């Protein structure tokens, strides 16, 4: 009875919870602290009773697990406080045992009467820790630079700034822009965001995607030159003009109510990529030293992700340009041959591949058609593709049947040390388009589209040998029956391969191909890509060709 009277009469909040952290008992002081009657606690967990409080349930479970008493300072909003005032408590927790059996945990809680300034500082520290903790999962989710920049500004507003920008140096492979005047630093604004109350003023501040010129002595120039953050608290138009990219921006800054700014360099391995700009306006406090430390840490983490994205974009662009230059539209080898080709790169989230096609004139009016796919992606695949294509053109001059060309090509690649295997499909068509010899090195079968009664069929009778570069050989030439006007359709696996679907089913859908009204090969390929292109996870190359029927006298 004396213990009960002591617990009920103490000014400290006392609560007893079972092993599921459900309330078994609360004293009157804890009722008052929480602003909830005792009866509404019983049988409910802390998070159910106090959803606005970070009470440390994980810590209580640890006390139950090992029996070691623990203390914690928690904060939050309860029904006992007016409005949304954050309160702070210090609690001590002990495991309860009866006869050696664990029955629950007891907590003793005292409210910490922090000053307004102290509460603000604690709240700011909590926001900073949360921001740093979530940065890894919220920044760098893709290999796209602008997306990464947008993720960074989205993280720091409103937790660290009222307005944030990320500006980067233009990529080396970007389209050329006008040169900057002497002494002027030109950056591209990759991301910009602000709190709701400032968004109406953003057009005067600048737009995402535009180039921004910073005059000599501007805060951004000084930040990049020194390699460390620059903090400026502006009280006059002269100070704003000195920090602005150009004097005419001062009016826009004043319209924002801007009074404090931090410019943080985005640097990786000693190389500057750009800057993170943070601005506070209106009633927001000026930036503190702690704010700058947090901003610098976030900028350092983001710079690593931006560097990965920049290098990816650089390699992707060069590989794509190399591939496109090598896949320039082949000229018809003879006047009576019609050819149409397309190359469709995969989504930017996938590196460019090594797809290629070619049409090579041979003796006696014949011609060789080739479709190939180097395994892998990126610059190496594009370069390997150029080697395969060059070797094939050289071997075609020897007037060999398709399987002998593949044998020679396989040996030459193996001896050259090129470590990229490739599939390849070759078709030699005679002068009149009445005979076609096909050989395959691991490639998918061609499709014949006949405008007459024969219809469309997949040439699955073509014997398939191993991919090139393996050194196994064993290729065979298969005669395929065609007629004048029959379209020979060749493609790479990106056209038909779909995750979770058997490749034979995917290829089978090609039997539904028909010539469009008017018979245009260009229209045919447009329809093919419109139908099969969406959802492709790899590059697509397609080639359609036919021999015009001989004129009759």
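What follows is calculated from the coordinates using simple rules that are stated; it is not laboratory data. Because the structure is predicted, anything quoted here is derived from the model rather than measured. Every residue, glycine among them, receives a Cβ derived from its backbone with ideal geometry; neighbour counts consider all protein chains shown.
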*Measure nothing but the geometry: give the 0 to 90° angle between the long axis through the Cα atoms of 116-138 and the longest principal axis through the Cα atoms of the chain, rounded to 10°.*
20
*asked:* Quick check: the angle from helix 379-396's long axis to the longest principal axis of the chain, C-alpha only, nearest 10 degrees?
replied: 0
*How big is region 453-553 in terms of Cα radius of gyration and Dmax, in angstroms?*
15.8, 54
*Principal axis lengths of region 327-547 from Cα atoms, whole Å, largest first?*
48, 44, 30
*asked:* Output needed: percent of Cα pairs per 5 Å distance bin for region 2-113, bins running from 0 to the one holding the longest distance.
replied: 2, 12, 22, 27, 21, 11, 3, 1, 0, 0
*Between residue 127 and residue 66, what FRET efficiency follows from the Cβ-Cβ distance if R0 is 41 Å, with the result rounded to 0.05?*
0.85
*Antiparallel content of DSSP bridges confined to the chain, in %, to 5*: 95
*If one takes the longest principal axis of the Cα atoms in the chain, at what angle in degrees, from 0 to 90 and to the nearest 10, does the Cα axis of helix 521-532 lie?*
30
*Cα gyration tensor shape for region 186-238, rounded if a/c is under 1.5, else prolate or oblate*: oblate
*So how compact is region 119-318: Cα radius of gyration and Dmax in angstrom?*
16.1, 54
_Convex hull of Cα atoms in region 238-314, direction-averaged projection (nm²)_ = 6.5
*asked:* For region 405-484, compute the orientation-averaged projected area of the C-alpha convex hull (one quarter of its surface), in nm².
replied: 5.5
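Give me the orientation-averaged projected area of the Cα convex hull of the chain, in nm², one decimal.
Its Cα hull, projected and averaged over all orientations, spans 40.3 nm².
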*Using per-residue counts of other Cβ atoms within 10 Å, averaged over each peptide, order 26-39, 400-413 from highest down.*
400-413, 26-39
